[in-house]
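Note sheet for the following structure.
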Amino acid sequence: MGDIFARLSQWSEAERFQRAALEAQPDHIAAHLSYGTMLARNRRTEEAFQYRVKAAELAPEDYALVMAAASSLRLHDRKLEAERWYRQAVKLRPQEARAHTNLGAILHLLGRTQEAANSYREALRLQPDDLTTLSNLAKLGVPAIS
């Protein structure tokens, strides 16, 4: 019902039903995602990211949810928490260059340049010539090959 009211832009009713769904099934991943999406649409992004994180906590083996949580935390300047989820993403998909690039980026923001460089290099090993990763590595001022 919450999704239906959201599609009709009846936000207060949508929120009421979304909250009721979460109270009835607090471990229902889709309910967390749906409510978080609705909050984000209404520019309540500070609340919305918490539901993305909760969904990832409920399904820590789901790569897409883990990446969404990490990215949301990063956007809200919660770098240490984002690092934890980016590390989880790398653990889930060690052959995914994007996971290594994102981990490198958060480590870069945390000022841990050597660790960041290592993550960027692993991303390049998996996906040579990726412009984003090469650019990020250049910003560190370290060579692509160690």
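The values are calculated or read from the model by the stated rules, or taken from the named source; none is laboratory data. Every value quoted in this text rests on a predicted model; they were computed, and no experiment measured them. Note that each Cβ is placed from the backbone with ideal geometry, even for glycine, and that neighbours are counted across all protein chains shown. For the accessible areas, the whole protein counts, side chains as well, though only heavy atoms, and no ligand, DNA or RNA atoms are used. Shrake-Rupley method; radii C 1.70, N 1.55, O 1.52, S 1.80 Å.
Annotations for the structure displayed:
- Note on the chain: dipole from Cβ charges, positive end direction compared against Leu58, Thr113, Leu73; the farthest Cα belongs to Thr113.
- Computed magnitude of the charge dipole of the chain (debye, nearest 20; Cβ of K, R +1, Cβ of D, E -1): 320 debye
- Dipole in debye (nearest 20) - the range 1-59, about Cα centre, beta carbon charges: Lys, Arg +1; Asp, Glu -1: 220 debye
- Measuring nothing but how far apart in sequence close Cα pairs (under 8 Å, 6+ apart) lie, relative to its length, the range 1-106 scores a relative contact order of 15 percent.
- Surface per residue (accessible, 1.4 Å probe) for the chain, Å²: 56 Å²
- Long-range tail of P(r) for the chain (Cα pairs > 29 Å, %): 28 percent
- Accessible-area composition of the chain, carbon plus sulfur, in percent [1.4 Å probe]: 52 percent
- Ellipsoid semi-axes for the range 106-145, based on the Cα gyration tensor and the rule √(5λ), read 15, 10, 9 Å when sorted largest first.
- Along its principal axes, the range 1-70 has C-alpha extents of 33, 25, 16 angstrom, given from the largest down.
- Test item: Cα-centred dipole of the range 61-145, Lys/Arg +1 and Asp/Glu -1 on Cβ, debye: 160 debye
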